[in-house]
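This report concerns only the one structure given below.
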Amino acid sequence: MLTDLIQKVHSLVTLECSAAVCVSGGWSVWGQWRRCSSECGGGIQTRARTCQSPAEESYLCEGVLEEGRPCNAQPCSGKGLHLSRSQSLRSVDSRKRDDVDKPRGGQQSPQTVDSASGEEWSAWSVCSATCGEGWQSRTRLCVYGSYSTQCSGKLREQRACNNSAVCPVHGAWDEWSPWSLCSSTCGRGYRSRTRTCAPPQFGGDACDGPEKQTKFCNIAVCPVDGVWNEWSNWSSCSASCSNGTTQRTRECNGPSYGGSECRGEWLETVDCFLGECPVDGKWQPWSLWSGCSKTCGGGSQQRNRICYGPFFEGQSCPGEREEVRHCNEKRCPEPHEICGEDNFSNVIWKMTPAGDTTAVRCPPNAMGLILRRCSLDEEGVAYWENPTYMKCISNDYRSIQTLTREHLSKAQRGLVGDGVSEVMTKLRVTSSDGTSYSGDLLAIVDVLKNMTEIFRRAYYSPSSTDMRNFVQSVSNLLMEENRDRWEEAQLLGPNIKELFRLVEDFVDVIGLRMKDFQDMYEVTDNLVLSVHKRPVVGQADISFPMKGWRGMVDWARSSEDRVIIPKNILSTGKPESDESSTFVTGIVLYRNLGSILTLQRNTTVLNSKVLSVTIKPTPASLSAPVVVEFSHLYNGTTNQTCISWDESDSSSLLGSWSARGCKAVLVDSFRTKCVCDRLSTFAILARLNPEMNMDKTQLPSVTLIVGCGVSSLTLLLLIIIYVSVWR
């Protein structure tokens with residue numbers, strides 16, 4: 001009987017264990033087996049375990065709290081007592097069953113005693129939580145009777161506890177804020193972030209950890225501005241006396257890493273004074289010589305000078321304060337060596353010693369002075385030369401000269417007004433009426449020179465009428481009636497030479513304004529002027545003069561003087577895009593220049609007209625010669641020699657004739673051809689005496705000047721200077 005009870009209990013325990021294995025996450029290990037309930041005749045010994053899960057997870061403790069096993073099965077020999085009833089195992093129902101059976105409202109259910117077992121409940125366990133919602137439980141054993149097989153009711157009960165006690169709430173951190181911007185844009189800076197702590201309640205703990213965090217940022221090097229070092233010591237004074245300067249300097253240290261330069265001056269200068277310097281005496285300019293004590297027979301005159309200084313212990317002026325020299329040492333003229341008072345050309349000329357020149361005012365229609373010289377004849381008798389009017393300018397020409405200078409002044413300031421063409425017209429008309437004085441010729445040259453400068457201005461374009469008036473005015477200067485005045489004008493210097501340099505400038509200005517393949521041809525009573533503009537490549541020969549030109553006058557049509565400019569005269573090889581890809585050729589033939597200016601001396605004569613050839617820009621060399629053919633002015637002469645004007649002659653300020661560079665080829669007794677390897681003004685000299693040489697020292701004693709140099713289009717000039725008259 002007892003054996004069957006033990007087997008049932010074991011079977012029940014096995015079933016409970018099987019269930020416990022499935023859900024036994026919360027049990028502790030089994031305790032030790034207790035003492036057997038009977039010393040003989042079969043008894044039961046038990047062991048127990050506890051549920052370690054909290055109350056809210058008590059569902060994990062499914063199964064029995066205690067289990068039993070048979071013990072002391074040996075029979076009793078009348079000594080042992082048998083139990084009146086058998087003890088069973090305590091069991092714990094599942095959480096669901098407990099929840100269903102748990103009394104509502106947290107009230108403790110009354111203790112009950114099963115009628116079958118009669119076992120009492122144990123005391124309530126300690127509450128699972130000291131605050132808030134907790135649980136406590138109690139258990140009981142099921143003791144089987146002799147004839148009972150199962151206990152009714154629960155073996156374990158639970159109830160809530162400590163619900164009225166409030167649990168402490170610990171402090172809690174919020175999320176970190178974003179990192180802040182760096183505290184510096186260069187060098188070492190910092191970034192930071194913060195967080196907020198929700199405060200603890202009901203005695204809870206405060207938040208643990210930092211409220212703020214920082215970290216380094218921006219480790220780039222900051223720019224460093226330049227910093228001045230200390231000033232140096234002041235230098236010594238720059239002067240040993242009087243005013244000087246002293247200075248000091250400083251250096252800039254840096255900058256680096258893109259910093260700014262040092263601001264301020266690196267040099268300081270201050271004045272210094274070391275006492276006045278000694279100043280030596282200095283002579284002032286000499287005074288003018290006093291008048292001679294005698295007019296002849298030897299006299300004296302003196303001049304003096306003043307010494308300025310010395311100062312501050314300087315040296316006195318060296319030398320004398322006064323100079324004396326002899327004067328008028330020539331013997332006093334005898335009465336026959338003095339030109340007496342004379343009334344000539346409505347002018348009273350006062351008594352003048354031989355060798356002196358006197359002056360009077362020009363007539364009322366002119367401005368300036370009339371000059372007259374007293375000379376000695378071969379017998380030593382004084383006589384009056386003819387008056388010279390080279391310093392007189394007619395009022396009409398003076399008026400034109402003044403207007404032209406006003407226009408030139410405006411042109412130089414970029415203000416070319418109206419009236420330039422009217423001035424050119426007035427000059428042509430006035431010069432066509434002739435001149436009264438040699439000074440008028442010089443005034444006309446001055447007007448033409450100023451007008452050429454006006455034409456040269458880029459903002460003034462001369463009209464065709466302006467150009468014709470210019471050429472006609474030049475022609476009027478060369479009229480036969482001006483011959484005597486030209487000879488007199490030469491006493492002032494190379495004025496004819498300046499005239500033809502002016503014509504060169506005029507041709508240069510007009511040529512630059514012409515288009516390619518364009519020609520200009522002007523024929524007057526005294527000259528023929530042609531201007532041709534041709535490309536370097538593809539040009540044709542240029543023949544001058546053009547016989548069939550409209551308006552050709554008789555002297556030019558019948559003239560046998562001519563020139564040929566070969567098309568290959570210029571060395572080619574320059575690209576067409578070069579600035580020198582075009583050239584301007586100017587040729588001038590003068591009808592009567594030679595007859596106006598020539599004077600036969602020493603059996604030498606200019607035996608042709610005068611012809612000038614020029615090319616702009618001037619070539620360095622000619623690849624072909626210039627061929628000029630002249631007709632003779634005087635037939636029957638021999639030893640014809642081609643000459644050209646050479647301004648490069650350093651022995652003369654004006655230049656001289658030269659037979660170099662030209663070869664004379666006698667065509668017949670009426671014509672001579674000159675083949676020349678340079679550009680110049682050309683003519684022919686005839687030698688009546690074949691024994692005389694053409695050396696420069698034996699050229700005519702009267703200087704022949706033809707103005708047109710190798711490097712310029714200066715038209716022919718023949719200047720006659722009376723050396724015996726004007727020294």
Checklist line | Low-density loop cleavage sites - chymotrypsin sites (Phe, Trp or Tyr not before Pro) in segment 297-376, where at most 15 other Cβ are within 10 Å (DSSP) | finding: 312
Notebook entry, point to check: At a Förster distance of 35 Å, what's the computed FRET efficiency of residue 558 paired with residue 456, Cβ-Cβ distance as r, to 0.05?
Noted result: 0.45
Next item on the list: Report the extension gain between residue 395 and residue 265 in nm, rounded to one decimal, defined as 0.36 nm multiplied by the number of residues separating them, less their alpha carbon distance.
Entry: 40.1 nm
Note to self: How would segment 157-265 be classified by its alpha-carbon gyration tensor: rounded, prolate or oblate, with rounded meaning a/c under 1.5 and the a/b versus b/c comparison settling the rest?
What the structure shows: prolate
Notebook entry, point to check: Which pairs break 25 Å Cα to Cα here: 515/609; 426/533; 449/616; 426/547; 282/330; 567/616?
Noted result: 515/609; 426/533; 426/547; 282/330
Next item on the list: Return the sequence-ordered ³J(HN,Hα) values of segment 426-438 in whole Hz as given by the Karplus equation 6.51 cos²θ - 1.76 cosθ + 1.60 applied to θ = phi - 60°, using x for Gly and Pro.
Entry: 5, 5, 4, 5, 5, 5, 5, 6, x, 10, 9, 9, 5
Checklist line | Rg followed by Dmax, in Å, when segment 320-375 is reduced to its Cα trace | finding: 16.0, 52
Check: So how much slack lies between residue 182 and residue 122, counting 0.36 nm per residue of separation and subtracting their Cα-Cα distance, in nm?
Finding: 14.6 nm
Checklist line | For a label point 7 Å along the Cα-to-beta-carbon line of residue 635, residues of segment 541-562 with backbone N under 16 Å | finding: 559-561
Notebook entry, point to check: Size of the dipole of segment 159-242 about the Cα centre, Lys and Arg at +1 and Asp and Glu at -1 on the beta carbon, nothing else charged, in debye to 20?
Noted result: 260
Check: So what are the radius of gyration and Dmax for the Cα set of segment 181-335, in Å?
Finding: 44.7, 158
Item checked: Among 462, 474, 489 - extreme Cα towards positive end, dipole of segment 433-545, charges at beta-carbon -> 462
Note to self: Taking 0.36 nm per residue of sequence separation and subtracting the Cα-Cα distance, how much length would be gained by fully extending the chain between residue 247 and residue 568, in nm to one decimal?
What the structure shows: 108.6 nm
Next item on the list: In nm, give the distance between the simple-model label positions of residue 541 and residue 406, each being 7 Å from the Cα along the Cα-to-Cβ direction.
Entry: 5.3
Notebook entry, point to check: Using the 10 angstrom Cβ neighbour count as an exposure proxy, how do 614, 194, 246 rank, fewest first?
Noted result: 194, 246, 614
Check: FRET efficiency for residue 274 and residue 308, Cβ-Cβ distance as r, R0 = 25 Å, nearest 0.05?
Finding: 0.60
Notebook entry, point to check: Exactly which GluC sites (Glu not before Pro) in segment 292-387 are in a DSSP loop and have at most 16 other Cβ atoms within 10 Å?
Noted result: 313, 320, 329, 341, 378, 379, 385
Note to self: Classify segment 398-553 from the C-alpha gyration tensor, please: rounded if a/c falls under 1.5, else prolate or oblate depending on whether a/b exceeds b/c.
What the structure shows: oblate
Item checked: Debye, to nearest 20: dipole size of segment 227-306, +1 on Lys, Arg Cβ, -1 on Asp, Glu Cβ -> 820
Note to self: I need 257, 521 ordered by Cβ neighbour count within 10 Å, fewest first.
What the structure shows: 257, 521
Check: What's the FRET efficiency of residue 172 with residue 69 using the Cβ-Cβ distance as r and R₀ = 60 Å, to the nearest 0.05?
Finding: 0.70
Check: For segment 434-525, with equal point scatterers placed on the C-alpha atoms only and solvent neglected, what are the log10 I(q)/I(0) values from the Debye formula at q = 0.22, 0.26 1/Å, to two decimals?
Finding: -1.13, -1.42
Note to self: So if I place +1 on the C-beta of Lys and Arg and -1 on the C-beta of Asp and Glu, and nothing else carries charge, what would the dipole magnitude of segment 389-434 be about its Cα centre? I want it in debye, nearest 20.
What the structure shows: 200
Note to self: Let me make sure I get this right: for segment 393-432, a, b and c are the square roots of the gyration tensor eigenvalues over alpha carbons, sorted descending. Under 1.5 in a/c it's rounded, otherwise prolate if a/b > b/c, else oblate. Which is it?
What the structure shows: oblate
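No lab work stands behind these numbers, since they all come straight from the coordinates. Here the structure is a predicted model, which means the values were calculated and not measured. Here the Cβ is made from the backbone with ideal geometry for all residues, glycine too, and neighbour counts use every protein chain on show.
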